[in-house]
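What follows is one structure encoded as structure tokens, with my remarks underneath.
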Amino acid sequence: PSVEKVTGVVVAPKGTQQFTAKGFDQKGKEIKGITFKWSVDTTEAGTISEGLFTADDNEGEYEVICEAKGIVRRVSVHVGLRQLTSIQVNTPSDVGVAGVMVAPTKTQQFMAKGLDQKGNEMENIDFTWSVDLAGMGTIDETGLFTAGETEGKCMVVCKAGDKEKQVSVQISTGSFCIALAGEQLVADSQTAWANFVQSPRLAKILNNQLMPSAGIIAFVFEETIDQVMRKELFYVEPGRYTEEGLWEIIWGGGASDTPYEGTWTYITEDWAYEDGTFERVVFGTWTLMVTREVVGENDHFTFDLRYKKADDETDTYEGMLIQPSLNLSEPEPGKAYSGHSEYQINFAIANGPSGALQLVGDSTQMMIIEEEYYDEEYDETYLEYDYIMVETTGNASGNFTYNGGAYAFDGTVRFLFDQNKEDSFVGTFTTPEAVIDGEVRLTYVANESLAGKPLFEGYACDLVPN
């Protein structure tokens, strides 16, 4: 079948199925020029070449495997004849309906799909329609239901072969209809959720909307904080620096004991060593213009941040970060500092998402750490102090566009600034097809084949709905 994102297919013995693959970066943008490696989990399944799978005559359950840059995608394959296993009944406005309400003498159009063993639609299925109770209404061969004049409940029955699907129809009008709708929503909530969980629509909302958009929020917050909070920068006089020039001053003893206020411009390459060869891979260049101002017990950082990629496209971030003031001239390693923080970020990713994010951190914890550096040239070991973000918890909100759709969120967020720990958001998350009230948990997935910063870094998303 022709499906944008397939999870399983049925292939007849000795039959073929063409697979294609796409690779995406952490911002959901397609990466061109990737070479994909195709294989099957066992030779009994058949063979695959350039994505074209040819089944053997051994019926059973197998997997087609696609791999690139250390990332693996598996698709289940059933070798055997396609069989009708279930019927899905839809309306023009909803997919996989369990029940509808129709006013007396009014009409409701139903459509049906036949699904195979892997949940893919089968063509050329003949459906028959009927109503279980005489006098409640009629339905023709196209699935057009016409309600009778009597209020009540009946079942619309759709059949194909030995498979059957029933949809409840409540015929009512006026305030009774509204009250009944409330009762039905309460009574059938778990059934409705169970049906929704099994429908392809939920997978689409989670995989194509919630997960990438939640990853975008975490990425923008953490990438901005990581790039703007260049602690070492504020201990040299305000000015324009490259990464090499800045560290030359610091290692030469030109850094102050206390941080400055003022405006800096800082330019640094974004790169990593490729594992095994230790070849330097450059992804782009960061250019940061930041102004630091001390207000009470907090540092205010107004910033303009730009990331020019290797293909000359540019991402932009601008706004203000407010964090508790820490002076590394009087360090207490291991001590956690708590305070108030705020983050206001406007962003625009080239050919990707754009919008505005806000976070008011009622509780922000930071910690000073002690690090040893060995200088091979002088054969000396130096102690240096730095501070790291430990946790930020507070109210978060924002709105942005992604792949042409509008997104918004409003709730409480918890960032732990550790790729081995789980970040979370509790509140309301709006996607183009759903308003989700619950908890979204994010964990990180990195490509272990690169040393340093991963070439590909993504997010795994869990949803705990209310």
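Things to note:
- Here Lys165 meets each of (1) in contact (Cβ under 8 Å) with a residue 24 or more places away in the chain; (2) in contact with a Ser or Thr (Cβ under 6 Å, 6 or more places away or on another chain) with one exception, condition (2).
- Filtered residues of the range 20-46 (kept if aliphatic (A, V, I, L, M) and either within 26 Å of the chain's Cα centre (by Cα) or assigned to a loop (DSSP other than H, G, I, E, B) (or both)): Ala21, Ile31, Ile34, Ala45
- Test: residue in the range 41-62 that is β-branched (Val, Ile, Thr) and modelled with pLDDT under 90: no
- Looking only at the range 240-267, residues that are assigned to a loop (DSSP other than H, G, I, E, B) and either surrounded by 15 or more Cβ atoms within 10 Å (Cβ to Cβ) or aromatic (Phe, Trp, Tyr) (or both) come to 3 in all.
- Candidates Gln88, Gln117 - the one that is part of a strand (DSSP E or B) and among the polar types (S, T, N, Q): Gln88
- Considering Tyr444, Tyr387, Tyr402, Tyr382, the condition of being modelled with pLDDT of 85 or more and either surrounded by 15 or more Cβ atoms within 10 Å (Cβ to Cβ) or touching a strand residue (DSSP E or B) at 6+ places or on another chain (Cβ under 7 Å) (or both) is satisfied by Tyr402 alone.
- Sole residue being surrounded by 14 or more Cβ atoms within 10 Å (Cβ to Cβ) and either more than 20 Å from Met122 (Cβ to Cβ) or of a type outside the set (Gly, Ala, Ser) (or both), chosen from Gly33, Gly51: Gly51
- Given (1) exposed (fewer than 15 other Cβ atoms within 10 Å of the Cβ); (2) within 26 Å of Glu164 (Cβ to Cβ); (3) without any contact (Cβ under 8 Å) to a residue 40 or more places away in the chain, number of the condition Thr107 does not satisfy: (3)
- Residues located in the range 47-84, provided they are within 24 Å of the chain's Cα centre (by Cα) and in a loop (DSSP other than H, G, I, E, B): Lys69, Gly70
- Exclusive hit being more than 22 Å from Gly319 (Cβ to Cβ), free of Cβ contacts under 8 Å to residues at least 12 places away in the same chain and in the same structural domain as Phe283 (by TED's automatic domain parsing), set Glu243, Glu237, Glu269, Glu248: Glu248
- Residues (charged (D, E, K, R) and either surrounded by 17 or more Cβ atoms within 10 Å (Cβ to Cβ) or touching a His at 6+ places or on another chain (Cβ under 9 Å) (or both)) located in the range 405-421: Arg414
- For the range 142-232, the helices (runs of 4 or more DSSP H) that sit wholly inside it and include 2 or more residues that are among the acidic types (Asp, Glu) and modelled with pLDDT of 80 or more are 211-228.
The values are calculated or read from the model by the stated rules, or taken from the named source; none is laboratory data. Because the structure is a prediction, the values reported are computed rather than measured. Because the Cβ atoms are built from the backbone with ideal geometry, glycine has one as well, and the counts that use them run over all protein chains shown.
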